Amino acid sequence: MGVVLTKHNIYDKTMSIDDYFYGKYKNLGRNIQKYRLEKGLSQEKLSELIDANLKFIGHIERLERKPSFDKFLLIAYVLGVEPGDLLKNPDD
């Protein structure tokens, strides 16, 4: 009880979804920062380009907020990367 088997792994229902996916959220923030800097964009400019609050990208990069799926896709589009690239470990 409390464990859900999925195709790829085991998810412990006693752990919050945020805790379970913490590594992915961390990768997301680090990759947004990496690709944003490569494109020469400030946090505020990227926020503006995706029609979000000017502090939005900073909040994601610091793991203080999570983007909606639509914003996630839009961030990837503006940065010119595949959405999956934002979730990969940037150290690999």
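Limited to region 44-70, what total is found for residues that are within 21 Å of TYR20 (Cβ to Cβ) and assigned to a helix (DSSP H, G or I)?
Applying the first criterion (within 21 Å of TYR20 (Cβ to Cβ)) to region 44-70 yields 59-69.
Still in the list and also assigned to a helix (DSSP H, G or I): 59-61, 69.
So the answer is 4.
Being exposed (fewer than 15 other Cβ atoms within 10 Å of the Cβ) and either outside any loop (DSSP other than H, G, I, E, B) or modelled with pLDDT under 95 (or both) is the filter here; which residues of region 71-82 pass it? LEU73, TYR77, listed by residue number. Of all residues in region 26-39, which are surrounded by 17 or more Cβ atoms within 10 Å (Cβ to Cβ) and either touching a strand residue (DSSP E or B) at 6+ places or on another chain (Cβ under 7 Å) or of a type outside the set (Lys, Arg) (or both)? Matches in region 26-39: ASN27, LEU28, GLY29, ASN31, ILE32, GLN33, TYR35. Within region 19-43, track down each residue that is more than 19 Å from VAL81 (Cα to Cα) and assigned to a helix (DSSP H, G or I). Within region 19-43, ASP19, TYR20, TYR22, GLY23 qualify.
The values are calculated or read from the model by the stated rules, or taken from the named source; none is laboratory data. Everything numeric in this text was worked out from a predicted model, so none of it was measured. Positions of Cβ are generated from backbone atoms using ideal geometry, with glycine treated the same way; all protein chains shown enter the neighbour counts.
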